[in-house]
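**Q** One structure coming up, written as structure tokens, with questions to follow.
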């Protein structure tokens, strides 16, 4: 038999997650995380490709 799955934890404070605010435990933790995104504390890494001068981009 396999062990029962561990209860999910809030990524902000570590308390058990609430289905209403999943994956967070409360509206406070959910709003706190949103605020961090809006303040750009979290960033998704982006790799930009450098276009050379000799490549045609279709513009004249």
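Taken together, the values in this text are just the output of simple stated rules run on the coordinates, not laboratory data. Keep in mind that this is a model prediction, so the values were computed, not measured. Please note: Cβ atoms are built from the backbone with ideal geometry, for glycine as well, and neighbour counts cover all protein chains shown.
**Q** Within the range 6-53, work out how many residues are outside any loop (DSSP other than H, G, I, E, B) and within 16 Å of the chain's Cα centre (by Cα).
**A** Number satisfying all stated conditions: 11.
**Q** To continue, here is another question. Name the single residue, out of those in the range 16-26 being without any contact (Cβ under 8 Å) to a residue 12 or more places away in the chain and in contact with a strand residue (DSSP E or B) (Cβ under 7 Å, 6 or more places away or on another chain), that is surrounded by the fewest Cβ atoms within 10 Å (Cβ to Cβ).
**A** In this case the residue turns out to be 16.
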